[in-house]
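The values are calculated or read from the model by the stated rules, or taken from the named source; none is laboratory data. Please read all numbers here as calculations on a predicted model, not as lab measurements. We place every Cβ from the backbone using ideal geometry, glycine too, and count neighbours over all the protein chains shown. Side chains included, ligands, DNA and RNA excluded: accessible areas come from the protein's heavy atoms. Shrake-Rupley method; radii C 1.70, N 1.55, O 1.52, S 1.80 Å.
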Amino acid sequence: MKLELRGVSKRFGRQQIFENLSASLEFQHALVLVGPSGGGKSTLLRLLAGLIPPDSGTIHLDGSPLPNDEAALRAYRTHLGIVFQAYNLFPHLSALENILLPLTAVLGLSRSIATERAMSVLDRFGLADHAHKRPHALSGGQLQRVAIARAVAIQPKLLLLDEPTSALDPEMTAEVLDLLAELRDEGRPLILVTHEMGFARHTADMVAFVSGGKLLEARAPESFFSSPSHPEARQFLERVLRY
Amino acid sequence: MNASLFFDRPNAPAPRWVRVLTVVLLAALLAGGCSWLLAGSISNWRAVWSYHEVFWQGWLLTIRISLEALALSSVFGLLLALARRSTFLLLRSLAMLYIELLRGSPLLVQILFFWYVVAAKIDFDNLPAAGVLILSGFSAAYLAEIFRSGIESVGSSQLESARAIGLSRVQTYRFVIFPQAFRNVLPPLAGQFASLIKDSSLLSVIGLSEFTHSAQQVNSSTYSTLESYLPLGFGYLLLTLPIIALSRLLERRFHYET
Ligand SMILES: Nc1ncnc2c1ncn2[C@@H]1O[C@H](COP(=O)(O)OP(=O)(O)O)[C@@H](O)[C@H]1O
Ligand SMILES: [Mg+2]
């Protein structure tokens, strides 16, 4: 996959997050974004997802630009699986119904076909027993795996994940990371924001370092983690890898 | 007897017999009050009974007006709530102005104004229809605020989730907002519906022969105040208490943790 940013600017109120950001990132399966918090990783992911429009500039995925009207963006998003930082399941729907909603309402699948597909994904993720539970009855790790199942069930061209493990304890984190590694091995392209450096190192085929609204470095994980070239990246790695 | 017996705390609930005793005491209080009020009124009851058809017709009209206003104000209130959230500034401001004007003035004044001023000006002389419209317009302003708070109780992260999975605006309302908002607005909604029924009594001032008006008629013909107004109170409770009970039932049925 090839992700290109051409002169992208974005501001929130008076705060300029990105200013004329240009970059070209090529990756095979997994692009991992790392960097200090507040650096703009989530904003970048939202821009990629077409959830917020850039103030200027364009974003190209595999050569084609993201559309800029909401109707076309909605169509574009139906090919994306998006998983946020916080839990993003709907609390009034069971795990299964959460997965069914985009399949039936957005992709227009019949209920029986959608149910079959949703159940097979839940089954694969070891969640079949929890299909009829509402989110409040699921653990954090299960919630996030259902959220990923919902994103995967639409058979997206690209998965976007924003710190999917940041609210989880180590055991649940491992649960979710195992799942992501599996998806990556299947060859489903994904872009992931994470603070799990070990995971980034193992799974990514490209690591991008985002800080202060700039994309300071983008390299293969081995060289990024062993010898980061940008001083800020070096500092960041020293800080997060100290313990 | 020790008053501390009647304390009912989460960690020290009142024993069962104290609960029973409480009910008995309240019943006795009610019965005492009634027998004091009703003393020596048998003959008046006979006089009033001969007017039971008037009560009955008034009660039916109150039910009819309330049901019509309930339906109309629900639709209008929902539209107002959506207008109140519109990104189109003129529409939003108009909805806001409407809501604040109608919530800010007494219903009695609105009834007098819309019937004697506005309806007269446009030669609208259908009294029951005017009653329904005025009541609906008033109640819709309150319902709009109830609906709006219900809609806004669904957090922004869920709205972003809805967009992320590709739901349109209409689908987001249908599949995400309304089902959750419905549960959140049930208790205040039931309260507002009960208020609407009670408020319909004010329509008696423009001569609409609903329940309260009927009771006033009976009173002025029989000069038996208590016997006219006691059934009146009961008649309203008969309508409002089931609504409140139903809302409690639904509340429990739709309850889930967030
Ligand atoms: N919706 C928003 N409104 C205003 N400011 C925002 C919004 N989203 C993010 N920001 C600001 O943008 C900056 C970058 O945030 P973010 O992209 O979330 O960083 P990261 O994900 O790397 O921690 C932060 O300073 C944050 O406060
Ligand atoms: Mg973030």
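Some notes on this structure:
Let's see how each residue does on (1) outside any helix (DSSP H, G or I); (2) open to solvent by 40 Å² or more (accessible area, probe 1.4 Å); (3) touching a helix residue (DSSP H, G or I) at 6+ places or on another chain (Cβ under 8 Å); (4) among the hydrophobic types (A, V, I, L, M, F, W, C):
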residue	(1), (2), (3), (4)
B:Ser73	no, no, yes, no
B:Ser86	yes, no, yes, no
B:Leu91	no, yes, yes, yes
B:Ala95	no, no, yes, yes
B:Gly131	no, no, yes, no
B:Phe138	no, no, yes, yes
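- Total residues in the range A:141-176, condition assigned to a loop (DSSP other than H, G, I, E, B) and over 17 Å from A:Gln85 (Cβ atoms): 4
- Residue in the range A:42-52 that is within 16 Å of ligand 1 (Cβ to nearest atom), more than 20 Å from A:Asp162 (Cα to Cα) and free of Cβ contacts under 8 Å to residues at least 40 places away in the same chain present: no
- Being within 16 Å of ligand 2 (Cβ to nearest atom), at pLDDT below 90 and touching a helix residue (DSSP H, G or I) at 6+ places or on another chain (Cβ under 9 Å) holds for only one residue in A:Thr173, A:Thr165, A:Thr194, and it is A:Thr165.
- Of all residues in the range A:1-41 being away from ligand 1 (no atom under 15 Å from the Cβ) and among the acidic types (Asp, Glu), the one that is farthest from the other protein chains (Cβ to nearest Cβ): A:Glu26
- Residue that is farthest from A:Met206 (Cα to Cα), among those in the range A:17-42 that are near ligand 2 (Cβ under 10 Å from one of its atoms) and surrounded by fewer than 20 Cβ atoms within 10 Å (Cβ to Cβ): A:Gly38
- Test result for B:Gly155, free of Cβ contacts under 8 Å to residues at least 40 places away in the same chain, on the phi > 0 side of the Ramachandran plot and either of a type in the set (Ser, Thr, Tyr) or within 14 Å of another protein chain (Cβ to nearest Cβ) (or both): no
- Matching residues in the range B:174-200 - criterion: being open to solvent by 30 Å² or more (accessible area, probe 1.4 Å) and more than 11 Å from chain A (Cβ to nearest Cβ): B:Pro187, B:Pro188, B:Gly191, B:Phe193, B:Ser195, B:Lys198, B:Asp199
- Selection within the range B:164-173 - open to solvent by 10 Å² or more (accessible area, probe 1.4 Å), closer than 19 Å to A:Pro135 by Cα and at the interface with another protein chain (Cβ under 9 Å from one of its Cβ atoms): B:Ile165
- Every residue from the range A:4-38 that is touching a helix residue (DSSP H, G or I) at 6+ places or on another chain (Cβ under 9 Å) and not in a strand (DSSP E or B): A:His29, A:Gly35, A:Pro36
- Residues being at pLDDT 90 or above and β-branched (Val, Ile, Thr) are entirely absent from the range B:217-233.
- Filter result for A:Leu101 (open to solvent by 10 Å² or more (accessible area, probe 1.4 Å) and not in a helix (DSSP H, G or I)): no
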